[in-house]
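Asker: For reference, the structure I am asking about is given below.
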Amino acid sequence: MSFGQRLEFRQGQSLVMTPQLQQAIKLLQMSNFELTAYVEDELLRNPLLERNKGEANESEAEEPASSATSDGHDLGEVSIDAESSSAASAAADAVDADFESTYATSREDAGEQVRTADRIGSLSGAGGGVNSGAESISTIIEQTATRDITLVEHLSAQLALTSFDPKDRLMAARLIALVDDDGYLRVDLGEEARRLGVSQARLERILSTLQNFEPTGVMARDLGECLSLQLIERDRYDPAMQAMIENLDLLARHDIQALKECCGVDTEDLSDMIGEIRALTPKPGQAFGSETTAVMVPDVIVTERPDGGWAVELNSETLPRVLVNSRYYAEVNSNLRNEEEKTFISECHQNATWLVKSLDQRARTILKVSRELVRQQDGFLAHGIEHLRPLNLRAVADAIEMHESTVSRVTSNKFIQTPRGLFELKYFFTAAIASMDGGQAHSAEAVRHRIKGLIAHETLASVLSDDRIVELLSEAGIDIARRTVAKYREAMRIPSSVQRRRVLKQSI
């Protein structure tokens, strides 16, 4: 065997994650608050970037940040140049879903009641952009590990374990998003039901389930309901205690005599009852961490047109207005003699130009995805949540000819204002199960609900095996495997047919 050296040329293709490409991808998945903070930081760092105040001469600026941010322009009607289009394509669609999981950052007047809660609390003692030096993964992990879980995250985790059908789950998620840091749901339930196009009774039933979540007392609409929920759990909500809860203003004023008369108890019993109240938590949500409170501002606004269609437009208030000052760049560059300074100003110009084009493409992509979502879910907008269709990322991605990971990034932490309220874009995606006849797919949550309903109506003579459930679902046009039925049943903590038959025999 002989050894030797030789030169060899090979040609190949590979995707290089340049800092600019990483920047474009991160901009796409940022919320409007994160984007504003990032752009402000770039304005301080890059001398060639300036804020567009609507007074700049077009000759001074090479490229506006976004057609949508320029007054009087329709973002959806403006064409984009070849360079920006190719950059956006590379940034958004050439990267697979694994990149997203690696680089994604972790993330919708009750004055007297508050004052009363504080008084009760005193009685109980209870306290009420991407550059070459991009943020390292270790820093992200450290921040994630040390951040306290929020109340909304805690409630959402419990919601995932419930057997709500997909529409009820959406409404439940909506109510959870409206809970405040103290754990209260201070909204008009009737108005919320009208927005969602459902009966108030249905929303009340959903709220009743949510009020069984931990911590006890959460999702209450006022202080009295919060304390009542805790007393019910302790099996101490008798008529005397109910009377005290209905007269919390007397307790806050320490009007002992009036309380004795209202509750119909003597001094010793009243003292014990007050001791039980002191052991309760008037603000159950404060046991959890909270992020900086920020008003949810919609990225997209949907309004009904006179012809019955839907107008979809970006919220210009959330779009940064930045320009590249090419005149200043030309003046500075012509007077530089030092190569290091020339390199610096050239990199600043390149980064500023790329940022402007990335912002433009981000806005266009959000608008394109939002328009398709509105087209797919027009029934929900017109008639309410009962008409919400099963939808997944692939269906939207195929319709607009984009990659699924792009749609996923666009719909994360983005909100859409509709005539039925403010929703996160991801709320409109629900899992689906194929139909036997090739017709409209069925929501996975709806199938779980159907399985639960079939089992709930069993008798000793008609206990359903998993195979029989598959047959019944097939007759209803739902194509589902036996192992899937078993998986759904176990997830809902429903015993096997043998165990259920045994229980029914013992109950006779």
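Asker: Given a Förster radius of 30 Å and the C-beta distance between residue 338 and residue 45 as r, what FRET efficiency does 1/(1 + (r/R0)^6) yield to the nearest 0.05?
Answerer: Working: r = 20 Å, r/R0 = 0.68.
My answer for the efficiency is 0.90.
Asker: Among 202, 362, 483, which comes first, then next, by fewest other beta-carbon atoms within 10 Å? Numbers along the way, then the final one.
Answerer: On the way: 202 16, 362 25, 483 10.
Ordered by Cβ neighbours within 10 Å, fewest first: 483, 202, 362.
Asker: Quick check for me: using +1 on Lys/Arg Cβ and -1 on Asp/Glu Cβ, what's the dipole size of the stretch 252-366 about its Cα centre, in debye to the nearest 20?
Answerer: Numbers: 12 positive and 19 negative charges, 158 e Å.
The calculation lands at about 760 debye.
Asker: What lysines does residue 357 reach when the alpha-carbon gap must be under 19 Å and sequence neighbours fewer than 8 apart in one chain are set aside?
Answerer: Qualifying lysines at Cα under 19 Å: 26, 53, 368.
Asker: May I pose another question? As a footprinting exposure proxy, order 369, 218 by other Cβ within 10 Å, with the fewest listed first.
Answerer: Details: 369 24, 218 28.
Ascending Cβ contact count within 10 Å gives the list 369, 218.
Asker: Once Lys and Arg get +1 and Asp and Glu get -1 on their Cβ, which of 162, 224, 213 lies farthest toward the positive end of the dipole of the stretch 149-287?
Answerer: Among 162, 224, 213, the one farthest towards the positive end of the dipole of the stretch 149-287 is 162.
Asker: Kindly put 466, 238 in sequence by how many other C-beta atoms sit within 10 Å of each C-beta, fewest to most.
Answerer: On the way: 466 19, 238 11.
Ordered from fewest to most neighbouring Cβ atoms within 10 Å, 466, 238 come out as 238, 466.
Asker: Applying 1/(1 + (r/R0)^6) with R0 = 51 Å to the Cβ-Cβ distance of residue 235 and residue 313, what FRET efficiency is obtained, to the nearest 0.05? If you can, show how the numbers build up before the last one.
Answerer: On the way: r = 54 Å, r/R0 = 1.07.
The formula returns an efficiency of 0.40 here.
Laboratory data are not the source of any read-out in this text; all were calculated from the coordinates shown. Every value quoted in this text rests on a predicted model; they were computed, and no experiment measured them. Note that we place each Cβ from the backbone using ideal geometry, even for glycine, and neighbour counts take in every protein chain shown.
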